[in-house]
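Novice: Before anything else, here's the structure in question.
Readers should treat all values here as calculations from the given coordinates under stated rules, not as data from a laboratory. Nothing here was measured: the structure is a model prediction, and the numbers come from that model. Here the Cβ is made from the backbone with ideal geometry for all residues, glycine too, and neighbour counts use every protein chain on show.
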Amino acid sequence: MAERLGCPVEQLEDQGVTVLSAGIAAMMGGRASPDGVTVLSDACAAMAVKGPDGAVIAADQVHRTHLGSLQGFLADIKPVSEL
């Protein structure tokens, strides 16, 4: 985010950007910052996992499922290109 805005990370808030965890924000009933979710939508930080039946669930499917659980409930999901 800082690189895209051309500023150091410590100056992000000066640029009007606040990045929060959707999980922590959700605990208190708040929404995640839209900029934080924008970064999340293009990050593929998920790992493949085994389902309860032992079948492997691919990382991209896990990631899409996580994004789907946030969309419209806690956040609006957008790619970085729409920032």
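Novice: Could you give the length gained by full extension between A59 and V80, i.e. 0.36 nm per residue of separation minus their alpha carbon distance, to one decimal place?
Specialist: Value of the extension gain: 5.6 nm.
Novice: What distance in nm lies between label points placed 7 Å from Cα along the C-beta direction at E3 and A48?
Specialist: Those two pseudo-labels are separated by 2.7 nm.
Novice: Further question on the same structure: Working out 0.36 nm times the residue gap between E13 and H66, then minus their Cα-Cα distance, what length gain in nm do you get to one decimal?
Specialist: 16.4 nm
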